[in-house]
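Trainee: I have a structure I would like to understand better, so I am pasting it below and will then ask my questions one at a time.
The values are calculated or read from the model by the stated rules, or taken from the named source; none is laboratory data. Small disclaimer: the values here were computed from a predicted structure and weren't measured. Cβ atoms come from the backbone with ideal geometry, glycine included; neighbour counts cover every protein chain shown. What goes into the accessible areas is simple: the full protein's heavy atoms, side chains included, and nothing from ligands, DNA or RNA. Shrake-Rupley method; radii C 1.70, N 1.55, O 1.52, S 1.80 Å.
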Amino acid sequence: MTHVDRREFLTAGLALAGLAVDSGANAGAFQTVEPIIDIHQHVGYAGRADDGLIAHQRAMGVTTTILLPAGRAANRPSTHAGGANGLQAQCLGNEACFQIVKSHPKAYLSGANEVPDLDEAVPEIEKYLTRGAVLIGEQKFGVECDSPAMQKLYQLAQAHRVPVLMHWQVDMYNYGFERFDKMLAKYPQVNFIGHAQTWWANIDRNHTLKAGLYPKGPVTAGGLTDRYLSDYPNMFGDLSAGSGLNALTRDEDFTRDFLTRHQNKLLYGSDCTDVEGAGAKCQGAQTIAALRRLAGSKSIERKLLHDNARRLFRL
Ligand SMILES: [Zn+2]
Ligand SMILES: [Zn+2]
């Protein structure tokens, strides 16, 4: 066998075994393909075109993406008089997400969403759950987390066995984080996924509102978020967005321990608006790098980037 023949032979064999061969600068070095599930992206995000979204996900190395729709445009207190339409970032709704899933069925899944205190909320969300949506969210509205409207969504999630993903932001979206344990206890069959600033600020037992939405510096374990994750099997954490990356990088000693303790409860998401999908402009790529650097073992890293989402969404 010549050198070239032998290389082709190896390449074919590895392809059969599900391994990729790098033919670039590291030609001859073999790399295992490691699938990544991104549980948090949006269509039309800050005006990004669909081909930009798809190229972004590919550049990050993401193999499965969950698209989170906005609710319909509405002018009422729960949308801050329209300010929260499009999830406050021009994100498109159920139908736009559903169309991408239809044309890329292997790589994309979607959520189902609606403004929770509209009469149409339950039927609209149910329509897309019936069409295959894998969660309810992103719920990002100015409502009490234990309001009758939200509890209807929790009951719907229970009936359809899908998680609910909530954006927690004090005085802005999903009020009452400090009493959410009542909902976790009342709906033990429903898996809840926590996301955004107030969720991540509260990993720190000493967090106060004065520290702002993106607190820096050392973390004392035992914050509300840390306790919800420890005490409730149905509470999960979404690592996406600037808030997730800030929480991972502000105190790396704390993070290593946090990722180990909650290794079965945390899920990778990107939630970034760039088109690059790599480098300094892409927060999602930086979050992947941070998880690879800070996870205590390869097995924990794989849970965070893939296995936990696969299990939670029954993929
Ligand atoms: Zn989002
Ligand atoms: Zn990005």
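Trainee: Figure the gain on full extension for Glu276 and Asp119 (residue separation times 0.36 nm, minus the Cα-Cα span) and round it to one decimal in nm.
Mentor: Computed gain between Glu276 and Asp119 is 52.6 nm.
Trainee: Right, here's the next one. So for segment 41-112, averaging the separation of alpha carbon pairs under 8 Å that are six or more residues apart and normalising by length, what relative contact order in percent results?
Mentor: Computed over segment 41-112, the figure is 39 percent.
Trainee: For the chain, give me the percentage of DSSP beta bridges that are antiparallel, rounded to the nearest 5 percent.
Mentor: Within the chain, antiparallel bridges account for around 15 percent of the total.
Trainee: What does the charge dipole of the chain about its Cα centre add up to, to the nearest 20 debye, if the Cβ of each Lys and Arg holds +1 and the Cβ of each Asp and Glu holds -1?
Mentor: 540 debye
Trainee: Considering only Ser110, Gly142, Tyr154, whose Cα is most displaced toward the positive end of the charge dipole of segment 45-175, charges sitting on Cβ of Lys, Arg (+1) and Asp, Glu (-1)?
Mentor: Checking the options against the dipole of segment 45-175, the answer is Ser110.
Trainee: Pull out a ≥ b ≥ c, the square roots of the eigenvalues of the alpha-carbon gyration tensor of segment 50-91, then state rounded if a/c is under 1.5, prolate if not and a/b is larger than b/c, and oblate in the remaining case.
Mentor: Taking the square roots of the gyration eigenvalues as a ≥ b ≥ c, segment 50-91 is prolate.
Trainee: Here is a further query. About its Cα centre, what dipole magnitude does segment 52-118 give when the only charges are +1 on Lys and Arg Cβ and -1 on Asp and Glu Cβ, stated in debye to the nearest 20?
Mentor: Computed about the Cα centre, the dipole is about 200 debye.
Trainee: For the chain, what % of the accessible area comes from carbon and sulfur atoms, probe 1.4 Å?
Mentor: 53 percent
Trainee: Can you work out the PRE-style zone for Leu315? Point 7 Å along Cα to Cβ, and I want the residues of segment 87-113 with backbone N under 11 Å.
Mentor: The answer is 106-110, whose backbone nitrogens lie closer than 11 Å to the label point.
Trainee: Return one whole number: the accessible area per residue of segment 131-257 in Å², for a 1.4 Å probe.
Mentor: 39 Å²
Trainee: Which residue, Lys265, Lys140, Lys281, has the most motion in a Gaussian network model of the chain that connects Cα atoms within less than 10 Å?
Mentor: The residue that fluctuates most here is Lys281.
Trainee: OK, next. Rounded if a/c is under 1.5, else prolate if a/b beats b/c, else oblate: with a ≥ b ≥ c from the C-alpha gyration tensor eigenvalues square-rooted, which is segment 226-306? Display every interim value, and only then the final one.
Mentor: Details: a/c = 1.85, a/b = 1.60, b/c = 1.15.
Prolate, because a/c is 1.5 or more and a/b exceeds b/c.
Trainee: Kirkwood Rh and Cα-based Rg: tell me the resulting Rg over Rh for segment 31-171, rounded to two decimals.
Mentor: Rg/Rh: 0.98.
Trainee: What value, in deg cm²/dmol to 500, does the helix sum -39500 (n - 2.57) over DSSP H runs of n ≥ 4 give at 222 nm once divided by the residues of the chain? Don't skip to the answer; put the middle values down first.
Mentor: Values: 13 runs with 118 residues, N = 315.
Calculated at 222 nm, the ellipticity per residue is -10500 deg cm²/dmol.
Trainee: Just check segment 89-131 against the gyration tensor rule for me: Cα atoms, a ≥ b ≥ c as the square roots of the eigenvalues, rounded for a/c under 1.5, and otherwise prolate or oblate depending on whether a/b exceeds b/c.
Mentor: oblate
Trainee: In addition: Taking Cα pairs under 8 Å and at least six residues apart, what relative contact order does the chain come out at, in percent?
Mentor: In percent, rounded to a whole number, it is 14.
Trainee: How would you rank 62-70, 205-213, 168-176, highest first, on the average number of other Cβ atoms within 10 Å across their residues?
Mentor: 62-70, 168-176, 205-213
Trainee: For Leu213 paired with Ala46, estimate the spin-label separation in nm (one decimal), with each label point 7 Å from Cα along the Cα-to-Cβ line.
Mentor: Placing both labels 7 Å beyond Cα along the Cβ direction yields 1.3 nm.
Trainee: If the cut-off is 24 Å between C-alpha atoms, which lysines fall inside it for Lys281, apart from same-chain ones fewer than 8 positions away?
Mentor: Straight-line reach from Lys281, under 24 Å: Lys216.
Trainee: Let me ask something additional. Suppose every K and R has +1 on its Cβ and every D and E has -1 on its Cβ; what is the size of the dipole of segment 150-239 about the Cα centre, in Debye to the nearest 20?
Mentor: 160 debye
Trainee: Calculate the length of the line joining the C-alpha centroid of segment 122-176 to that of segment 230-287, in whole Å.
Mentor: 22 Å
Trainee: How long are the semi-axes of the ellipsoid equivalent to segment 260-315, from square roots of 5 times the Cα gyration tensor eigenvalues, in whole Å, largest first? Working shown, then result.
Mentor: Working: eigenvalues 92, 40, 12 Å².
In descending order the semi-axes read 21, 14, 8 Å.
Trainee: Ok, one more. Please build a GNM for the chain, connecting alpha carbons under 10 Å apart, and tell me which residue among Ala157, Ala49, Ala278 fluctuates the most.
Mentor: Ala49
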